[in-house]
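Novice: Sharing a structure below in structure tokens format, with a few things to ask.
Rule-based calculations on the coordinates, nothing more; no lab input. All figures in this text were calculated on a predicted structure; none of them were measured in a lab. With ideal geometry, Cβ positions are generated from the backbone for all residues, glycine too; neighbour counts draw on all protein chains shown.
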Amino acid sequence: MSLRNVAIIAHVDHGKTTLVDQLFRQSGTFRDNQRIEERAMDSNDLEKERGITILAKCTSIEWEGTRINIVDTPGHADFGGEVERILSMVDGVILLVDSSEGAMPQTKFVTGKALALGLRPIVVVNKIDRSDARAQEVLDEVFDLFVSLDANDEQLDFPVLFASGRNGYASDDPEAREGTLHPLFQKIVDHVPPPALDQDGPFKFLVTLLDRDNFLGRILTGRVASGVVKVNQQIHALDGSGAVVESGRASKIFAFRGLERVPVDEAKAGDIISIAGLTVATVANTIADPSVSDPLHAQPIDPPTLSMRFAVNDSPMAGREGTKVTSRMIRDRLLREAESNVAIKVTEAADRDSFEVAGRGELQLGVLIETMRREGFELGISRPRVLFGEDENGGRTEPYETVVIDVDDEYSGTVVEKMSIRKAELTDMRPSGGGKTRITFSAPSRGLIGYHGEFLSDTRGTGIMNRLFEKYGPHKGNIEGRKNGVLISNGAGEANAYALGPLEERGVLMVEPGEPLYEGMIIGENAKTDDLEVNPMKAKQLTNFRASGGKDDAIRLTPPRRLTLEQAIAYIDDDELVEVTPKSIRLRKRHLDPHERKRASRAKAA
């Protein structure tokens, strides 16, 4: 059977996974009466809840005698490491662009990687049925983007289709509003070259994805670069320098058929497969015949730019809600994550009770924390901090990001003012139609930590912000952080409505009556700039004396402000932690004792 390997790349929410759903349906992968969930490729719980793709996944469909292996990739910049790895498995890419939003930062990032590898793109202008579609302008933007990324003549001569992934049609005509995806299938078969690989040489295979199975152990996924592999064949794993990592047998070989992983007896060059049987081999290792000593070249991955400290939960409520609370369990879980996710780096701190975890952004590390808390872990998480570098003269450098903001015209002034406070430089500003403005900034990553929530408030929830790592540039000096102080509980017990009533005048509360508290826990935001210790547990004296008015007023409290995990991580200051357990997210001071807090602040000032 003829073979094609293709990846679908796009900015977040431009419709990749929805398009794959329709490719499944129209290729006959599913029966007509088969019940399948929407966005079938988003298989894990977090992906379904958030509506975004987090992990790259492989699938395959058959169309008129050709097997098409498709890799669905994440669209968010924080998960760019997933995209960088899988591009070595494919021979072509389908670039999906929203007919209204056009080329966005993540489109630029993944397209640049694909063009640098010499892959020829097929451009699909998606969501063509939108009322604000501007297909021809978007196509011009994509062409300009390719030119700016130094695409060669062959890559610039790309085929174009206008499609609606949700409605299941694609056409050469931008005005078409019905049909099928057969033109897209035909373009893939005609335009993407079959794998030009060595069928007769010894077996070689580069690991690009790592998975785990409770029965089979490690499952290594990638594309066979040369030769043939059969079940129970002797194989060994080589690292980047050619040293043998381990030897063993290919106990199982799986191929992708629709949403299933199907066992096969053998696989040949060009096939995307999974192999089980090795216990140590990991991402970027070469799996090969024992006669092979030269490893395959693995694509370099961009370095992480942000880090957080994951510590053992040492609050007075530690161990009440989670089952995995020791540093050994946390260490094993983080090292396991670093193995399968090459964009994450884990280093152990000197006290051996905390770990420095470096990644691409707040969302990537937030997803890792959310996954761990669902597995039963309890953690203390510090405020994110950027990873500084040095230039050739020994000067300090820091990561910068390109920030593209789409906002209603009336809020553009507020956004520009707030971004300038955070040391961002305005690089472009243009009307994008429909009463909206697109503003582009070059901003230090440090200044953007914690800004997203404030940005949504400033734009009444209508603004869209997209960020992408740009470069390491000169250090921008001090950037103003959170303006308001916090309200801190001065004792342990249960929050009392009688005490919380008067505290509402002091600021915004984050707890409600009956909630368990401890000394040093943050219960709200102070209206002023300094921190304030308060007693939220004070109960009413039950005496025979009556109030002078003759009645006791009922206490009516405003519903508390509840922070999500990402909001909590972005909200805290350097001397605070987020306590994460399977059931709760609490904010607390790093030092719970007020005397220790004073000592630490004096030492910092000195």
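Novice: What percent of all Cα-Cα pairs in segment 277-319 falls into each 10 Å bin, going from 0 up to the bin containing the maximum distance?
Specialist: For segment 277-319, the binned pair fractions read 18, 25, 21, 20, 12, 4 percent.
Novice: Right, another one. Can you classify segment 116-197 as rounded, prolate or oblate using the Cα gyration tensor, where a ≥ b ≥ c are the square roots of its eigenvalues, rounded means a/c under 1.5, and otherwise it's prolate if a/b beats b/c and oblate if not?
Specialist: Values: a/c = 2.88, a/b = 1.30, b/c = 2.20.
It is oblate, given that a/c is not under 1.5 and a/b is not larger than b/c.
Novice: Please report the relative contact order for segment 498-606, taking Cα pairs under 8 Å with a sequence separation of at least 6, and give it as a percent rounded to a whole number. The partial results should precede the final answer.
Specialist: Details: 96 pairs, mean separation 33.7, N = 109.
It comes to 31 percent, rounded to a whole number.
Novice: Using +1 on the beta carbon of Lys and Arg, -1 on that of Asp and Glu, and nothing else charged, what's the dipole of segment 479-594 about the Cα centre, debye to 20? Please report the intermediate quantities before stating the final value.
Specialist: Working: 16 positive and 20 negative charges, 99 e Å.
Result for segment 479-594 is approximately 480 debye, rounded to the nearest 20.
Novice: Order of 575-585, 500-510 by packing, highest average Cβ count within 10 Å first? Numbers along the way, then the final one.
Specialist: On the way: 575-585: 19.2, 500-510: 16.6.
Per-residue Cβ counts within 10 Å, averaged per peptide and sorted highest first, yield 575-585, 500-510.
Novice: Ok, one more. Using only Cα atoms, find the angle between the long axis of helix 594-605 and the longest principal axis of the chain, and express it within 0 to 90 degrees, rounded to the nearest 10.
Specialist: So the inclination is approximately 70 degrees.
Novice: Need one number: % antiparallel among DSSP beta bridges in the chain, to the nearest 5.
Specialist: On the way: 108 of 135 bridges.
Antiparallel bridges: around 80 percent, rounded to the nearest 5.
Novice: Full-extension gain between HIS475 and LEU456, please, as 0.36 nm times their residue separation minus the C-alpha to C-alpha distance.
Specialist: Numbers: separation 19, 0.36 × 19 = 6.84 nm, distance 2.71 nm.
So the extension gain works out to 4.1 nm.
Novice: Specify whether the C-alpha gyration tensor of segment 424-506 places it in the rounded, prolate or oblate class, a ≥ b ≥ c being the square roots of the eigenvalues: rounded for a/c under 1.5, otherwise prolate if a/b is larger than b/c and oblate if not. Could the numbers behind the result be given before it?
Specialist: Details: a/c = 3.83, a/b = 1.87, b/c = 2.04.
Here segment 424-506 falls in the oblate category.
Novice: Next question. For the chain, with only Lys/Arg (+1) and Asp/Glu (-1) charged at the beta-carbon, what is the dipole magnitude about the Cα centre, in debye rounded to 20?
Specialist: Details: 77 positive and 95 negative charges, 398 e Å.
Charge dipole, the chain, about its Cα centre: 1920 debye, nearest 20.
Novice: Add -39500 (n - 2.57) for each DSSP H run of 4 or more in the chain, then divide by its residues: what number comes out at 222 nm, to the nearest 500 deg cm²/dmol?
Specialist: On the way: 15 runs with 140 residues, N = 606.
Per the formula, -6500 deg cm²/dmol.
Novice: Here is a follow-up. What list of ³J(HN,Hα) couplings, whole Hz, do you get for segment 498-513 from phi and the Karplus terms 6.51, -1.76, 1.60, once you set θ to phi - 60° and write x for glycine and proline?
Specialist: Here the 3J(HN,Hα) series is 4, 7, 6, x, x, 5, 4, 6, 7, x, 9, 7, 10, 10, 10, x Hz.
Novice: Measure off 7 Å from each Cα along the Cα-to-Cβ vector at GLU410 and ASP140, then give the distance between these two points in nanometres to one decimal.
Specialist: The two pseudo-label positions are separated by 3.1 nm.
Novice: With the cut-off at 1.5 for a/c, could you classify segment 239-373 from its C-alpha gyration tensor as rounded, prolate or oblate?
Specialist: Verdict is prolate for segment 239-373.
Novice: So, one more: Taking θ as phi - 60°, what are the ³J(HN,Hα) couplings along segment 228-242 by the Karplus curve (6.51, -1.76, 1.60), each to the nearest whole Hz, with x for Gly and Pro?
Specialist: 10, 10, 10, 4, 6, 5, 5, 9, 9, 10, 10, 8, x, 8, x
Novice: Related question: Label-point separation (nm) for LEU387 and GLN199, each offset 7 Å from Cα along Cα-to-Cβ?
Specialist: In this crude label model, LEU387 to GLN199 measures out at 4.4 nm.
Novice: Taking the highest mean first, how do the peptides 90-101, 264-275 order by number of other beta carbon atoms within 10 angstrom per residue?
Specialist: On the way: 90-101: 23.8, 264-275: 20.6.
The peptides rank, most packed first, as 90-101, 264-275.
Novice: Can I ask one more? At 7 Å along the Cα-to-beta-carbon direction for both LYS418 and ALA539, put a label point, then send me their distance in nm to one decimal.
Specialist: Label-label distance for LYS418 and ALA539, simple model: 4.3 nm.
Novice: With θ set to phi - 60° and the Karplus curve 6.51 cos²θ - 1.76 cosθ + 1.60, what are the ³J(HN,Hα) couplings of segment 11-16 in order, to the nearest whole Hz, using x for Gly and Pro?
Specialist: With coefficients 6.51, -1.76 and 1.60, one gets 6, 4, 6, 9, x, 4 Hz.
Novice: Find the relative contact order for segment 346-489 and round it to a whole percent, using C-alpha pairs within less than 8 Å whose residues are 6+ positions apart.
Specialist: Numbers: 187 pairs, mean separation 37.3, N = 144.
Value for segment 346-489: 26 percent.
Novice: Taking the alpha carbon gyration tensor of segment 489-606, what are the square roots of 5 times its eigenvalues, largest first, to the nearest whole Å? Don't jump to the answer; show the numbers that get you there.
Specialist: Values: eigenvalues 169, 59, 34 Å².
After scaling each eigenvalue by five and taking roots: 29, 17, 13 Å.
Novice: Rank THR347, ALA281, ILE381 by how far each Cα sits towards the positive end of the charge dipole of segment 274-383 (+1 on Lys, Arg Cβ; -1 on Asp, Glu Cβ) and give me just the farthest.
Specialist: Going by the charge dipole, the pick is ILE381.
Novice: Cβ neighbours within 10 Å, averaged per peptide: list 458-466, 385-393, 285-293 in order, most packed at the top. Could the numbers behind the result be given before it?
Specialist: Values: 458-466: 15.7, 385-393: 12.2, 285-293: 19.3.
With the highest mean Cβ count within 10 Å placed first, the list reads 285-293, 458-466, 385-393.
Novice: Considering Cα pairs under 8 angstrom that are at least six residues apart, work out the relative contact order of the chain and quote it in whole percent.
Specialist: On the way: 1298 pairs, mean separation 60.8, N = 606.
Relative contact order comes out at 10 percent.
Novice: Counting C-alpha atoms alone, how compact is segment 304-375: give Rg to one decimal and Dmax as a whole number, in angstrom.
Specialist: In Å, with Rg to one decimal and Dmax whole: 12.0, 35.
Novice: When N is the residue count of the chain, what does its C-alpha Rg come to as a fraction of 2.2 N^0.38 Å?
Specialist: On the way: Rg = 27.2 Å, N = 606, 2.2 N^0.38 = 25.1 Å.
The reported ratio for this selection is 1.08.
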